[in-house]
Each structure stands twice: as C-alpha cells, then as structure tokens.
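What follows is a short report on a single structure.
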Amino acid sequence: MSVSFWQDLSKYKNQKIISKDVIIVGGGIAGLSTAFWLKHEDPSLSIAVLEKGAVGSGATGRNAGFITCGSVEHYNRMVEKHGESQAKEIWKFSEENLKLLNEYLLKGHEGEVSFQTQGSFSLASTNEEFKELKRAKALMSSHGVSVETLEVVDIKKRLHVEGFVGGIKYCDDASIDPIALLSLMRKKLEAGPSPVEFYEHNEVFELSSKSDTQVVVTQAHTFEGQAVVLATNAYSSLIDSYFENKIYPTRGQILITEKVPLFMEGPCYANFVLDYFRQLPTGEVIIGGFRQLQKDAEVGFSDQTTFVIQKALEDFLHLHIPHLRGKKVTHRWSGVMGFSADGQPLVGSLPTNPQVYFLGGFTAHGLGLAFHCAKTLSQLIFGQSPPQWLSARRF
Ligand SMILES: Cc1cc2nc3c(=O)[nH]c(=O)nc-3n(C[C@H](O)[C@H](O)[C@H](O)COP(=O)(O)OP(=O)(O)OC[C@H]3O[C@@H](n4cnc5c(N)ncnc54)[C@H](O)[C@@H]3O)c2cc1C
C-alpha cells in the first residue's frame with residue numbers, strides 16, 4: 001500500500017522507536033502461530049504482532065472453519081501432480097498440523113473454540129467424480145490414511161443431503177470457530193513473563209534495513225527488530241513485489257443460515273473441493289464456494305459479495321439440503337485468501353533481505369496448514385531448512 005504524507009504519523013521525529021527481537025506483520029492464523037512457535041523455541045524473545053485491522057480481520061476471521069488435510073484437489077490429482085511420495089508427505093504434514101494444534105492449544109479448550117472431530121466428506125454429483133474419489137480413496141488407504149466410501153444411501157442417512165451419487169469420508173478431519181481459535185492463541189501469547197505485544201490498526205507501509213536492523217513503519221509507529229516475519233498472505237504483494245507471481249489474492253464467498261436442528265454427521269465438500277458446507281454445533285449451516293462462476297472477478301483485494309455467487313450458494317442450498325428449504329440466510333460475507341502458483345504454501349525469506357521471513361499461499365487451507373508451516377518457519381529462523389515442496393525457493 002501507499003500512504004500520504006498527511007497520513008504518516010510516524011514522521012514526527014519525537015516519536016519513540018519500538019524495539020523487539022522479531023516483528024510479525026499480520027494478525028491471522030499464520031502470524032499468531034509464528035509468534036507461538038518462536039516463543040516455544042525461545043521464551044525470552046520479544047515479539048510484536050502488527051495488524052492493519054483487528055486480529056482476525058483477514059481471511060482467518062472470515063473462513064468456514066474446516067480443518068482439513070491435504071490441499072485443494074482430490075488426492076489422486078495430488079499424486080498425479082507431485083508423485084506418490086511427495087503427495088503422501090504433504091498429506092502427513094497437514095495431519096501433523098492438526099495433531100500439533102490439539103497437543104499445544106486445543107486440549108482442554110475444545111468447547112471454547114467449538115472444536116469438533118467429525119471427519120469431513122467429499123461428495124460427487126457425477127459418476128465421473130465418484131470414480132476419482134474411489135481412486136483417491138484407494139491411494140490414500142495404501143498410504144495409511146483413514147478413508148471410508150459412502151454410497152447414495154449412506155449420504156442420505158448420515159448427511160441428509162440430496163443430488164450426490166457417492167462420496168468418501170476423511171475420518172481424521174475437524175472443524176473449529178476460527179475467531180475463537182485466534183482468541184485462545186492470543187490469550188496464551190499475552191500470558192507469561194515476556195508477553196507478545198499486539199499493535200492493531202497499525203498498517204505497515206514501509207520495510208527497510210540499516211546494517212543488521214530491520215525497520216518497519218506503520219502510520220502510528222516505527223519498529224526496529226532483528227528479524228521481520230510477513231504473515232500477510234493474500235496482501236503480501238502490496239508490501240513486496242517479490243510475491244507478485246507467487247501468492248495471488250483470491251476471494252471466497254460464504255453465507256450462513258438461521259439455526260435448524262442438527263442433521264449432518266460432518267462438514268462436506270462438493271464439486272471437486274470447490275464448494276463446501278457444514279452445520280455449526282449451534283445449528284446454523286454455512287455454505288461457501290462457487291468461485292468458478294466468476295473466475296476473473298474473484299481475483300483481487302476486494303471483500304465485497306456478488307449477486308451471482310450468492311445466488312448460486314442459495315440455489316445450492318435449496319437443491320441439495322432439504323432441511324434448509326424455506327430457511328433464512330442471516331449473514332453473507334467474503335474474504336481474500338492467498339493462493340500459490342502450485343497450490344502448496346510457501347515458507348522462506350526474501351532473496352533481497354534474508355532477515356525478512358514469510359509464510360503464506362495456503363490456498364484455502366490455512367487452518368489445515370498454517371500452524372505446522374509456522375513451526376517450520378520458526379525452525380528456518382533458527383537455521384533449519386524447510387522441505388523442498390514447502391520452500392519458497394522452489395519458484
Ligand atoms: C470465505 C473463505 C472460506 C475459507 N474456508 C476455509 C476453511 O474452511 N478452512 C481453511 O483451512 N481455510 C479456509 N479459508 C482460507 C483461510 O482462511 C486462510 O488460508 C487463512 O486464514 C490464512 O491465514 P493468514 O494468517 O495467512 O492470512 P490472514 O488471516 O488473511 O491474515 C493476514 C493478516 O495480515 C494483515 N495485513 C495485511 N497487510 C498488512 C499490512 N500492510 N500491515 C499490517 N497488517 C497487514 C491482514 O489484515 C490480515 O489480518 C477460507 C478463506 C475464505 C476467504
């Protein structure tokens with residue numbers, strides 16, 4: 001972004017410079033997870049998290065709350081693209097993400113964050129897609145992943161939805177309230193003898209370095225640190241042009257209905273992972289997707305909703321989910337995600353300044369990947385290289 005002379009309050013020379021060991025830009029799941037792992041590695045580190053809005057105002061506070069393994073395509077396609085051994089490694093990495101979330105954050109707090117481990121379903125509306133799902137299931141089972149096949153009768157009985165010819169269940173997936181998850185993380189980060197400091201409503205507009213010190217300027221403050229982490233995901237190319245052909249801002253739209261009695265066994269994907277729906281423990285049903293209908297309009301930084309996609313979401317709801325016919329839609333919104341060129345996240349540092357680290361490009365799977373990616377980034381900061389498929393150097 002650019003900032004005018006008038007808006008730049010940091011220009012007043014009497015302003016105190018805030019010094020920290022690490023300055024993290026971005027208050028979403030990636031930024032808070034990075035703060036968590038850096039503190040885990042070295043509790044004495046001083047850390048500031050800078051966020052242009054409030055914590056959770058980006059994609060993390062606007063998503064559907066699926067914590068799913070893998071990436072944006074069926075497993076057979078991951079195998080075709082990456083080969084068997086790398087596809088398995090990527091899947092296991094995301095399985096580990098959930099284990100780490102459980103072990104370090106969620107245990108004992110499940111109710112507080114509406115954490116549910118009901119697995120997730122991929123539903124096929126054509127025989128062609130069902131054939132792919134069966135192929136995906138065979139590959140996954142041979143790689144030790146727990147998957148179950150569903151015929152039409154199972155879908156009706158267990159999910160109470162119509163218009164699908166078959167599906168599979170990924171038994172180990174989960175779901176969560178993403179804002180409650182951020183609040184839980186923040187509480188942990190602000191506790192203890194050397195708490196992480198949060199600076200909300202501080203948009204970073206300038207990064208520079210003088211000798212070994214990194215300088216980060218927001219409209220309100222100037223910060224100095226030994227290292228900077230950009231956890232700005234979709235917005236990263238607005239800070240540094242390095243990200244322009246690596247992380248693409250991509251909009252996702254959602255709606256949610258009024259509460260209905262609980263009827264679904266677990267969260268569902270449909271149409272080659274493009275569309276998705278789930279019922280919250282409190283009864284509301286959230287439906288998202290249909291980006292494919294307006295591919296060009298869904299690229300960019302705007303978080304408006306559009307009539308075309310919102311109508312498609314509503315039509316989907318009436319067509320496939322009898323329990324929702326005649327029910328009210330209470331909220332509609334969108335958010336901007338960071339998609340990477342090959343669908344896998346990026347962890348690395350800027351070639352022009354190795355003390356500026358980053359993570360992003362979670363391609364609609366930040367809840368399923370970011371906590372583990374942040375652990376990998378923290379290890380990189382302490383000298384250990386990430387796996388090749390995750391390293392930004394692959395581009
Ligand atoms: C509609 C929708 C549904 C989704 N559903 C799911 C789902 O069910 N499961 C799943 O795993 N993923 C889902 N995603 C994707 C998921 O939300 C993202 O992958 C994840 O939130 C990325 O986290 P992040 O911390 O990298 O980015 P963000 O949450 O976007 O955080 C980046 C932060 O950086 C801040 N920022 C940017 N520029 C600056 C600056 N210059 N100065 C200061 N701060 C700055 C932003 O305000 C933002 O808060 C969905 C996304 C959307 C939009």
Checklist entry - Of P178, I239, Q226, which is farthest along the charge dipole of the chain in the positive direction, counting Lys and Arg as +1 and Asp and Glu as -1 at C-beta? => result P178
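Would you mind working out the magnitude of the charge dipole of region 263-355 relative to its Cα centre, with +1 at each Lys and Arg C-beta and -1 at each Asp and Glu C-beta, to the nearest 20 Debye? Working shown, then result.
Values: 8 positive and 9 negative charges, 60 e Å.
Charge dipole, region 263-355, about its Cα centre: 280 debye, nearest 20.
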Item to check | Most to least packed among 31-43, 383-395 [average Cβ atoms within 10 Å] | outcome: 31-43, 383-395
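Only helical DSSP H runs with n ≥ 4 go in: add -39500 (n - 2.57) per run for the chain, normalise by residue count and round the 222 nm mean residue ellipticity to 500 deg cm²/dmol. Kindly include the intermediate steps, with their values, before the conclusion.
Values: 9 runs with 110 residues, N = 395.
The helix-only estimate for the chain comes to -8500 deg cm²/dmol at 222 nm.
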Checklist entry - For helix 29-41, what angle does its Cα long axis make with the longest principal axis of the chain, in degrees from 0 to 90 and rounded to 10? => result 60
Item to check | Partner lysines for K327 [C-alpha distance under 16 Å; skip if fewer than 8 residues away on the same chain] | outcome: K259, K311
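Which of the residue pairs K20/K52; K39/K88; K81/K137; K246/K375; K81/K169; K88/K157 have a Cα-Cα distance greater than 24 Å in the structure shown?
Details: K20/K52 18 Å; K39/K88 30 Å; K81/K137 17 Å; K246/K375 21 Å; K81/K169 22 Å; K88/K157 31 Å.
From the list (K20/K52; K39/K88; K81/K137; K246/K375; K81/K169; K88/K157), the Cα-Cα distance tops 24 Å for K39/K88; K88/K157.
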Checklist entry - So what's the angle, to the nearest 10 degrees on a 0 to 90 scale, between helix 127-142 and the longest Cα principal axis of the chain? => result 60
Checklist outcome for this item: Note: D212 to E284 extended length (0.36 nm per residue) minus current alpha-carbon separation gives 20.8 nm
Checklist outcome for this item: The aspartates and glutamates whose Cα lies under 17 Å from the Cα of K187, excluding any fewer than 8 residues away in the same chain, are E51, E103, E110, E112, D177, E197, E200
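Of the listed peptides 2-9, 286-293, what is their order by residue-averaged count of other C-beta atoms within 10 Å, with the highest listed first? Walk me through the numbers before you get to the answer.
On the way: 2-9: 10.4, 286-293: 21.0.
Result, highest mean first: 286-293, 2-9.
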Checklist entry - Any idea what angle helix 178-190 forms with the longest principal axis of the chain, computed on alpha-carbon atoms, 0 to 90 degrees, nearest 10? => result 30
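Since every read-out is calculated from the coordinates, none of them should be taken as a lab result. Fair warning: this is a prediction, and the values are worked out from it, not measured in the lab. Please note: Cβ atoms are built from the backbone with ideal geometry, for glycine as well, and neighbour counts cover all protein chains shown.
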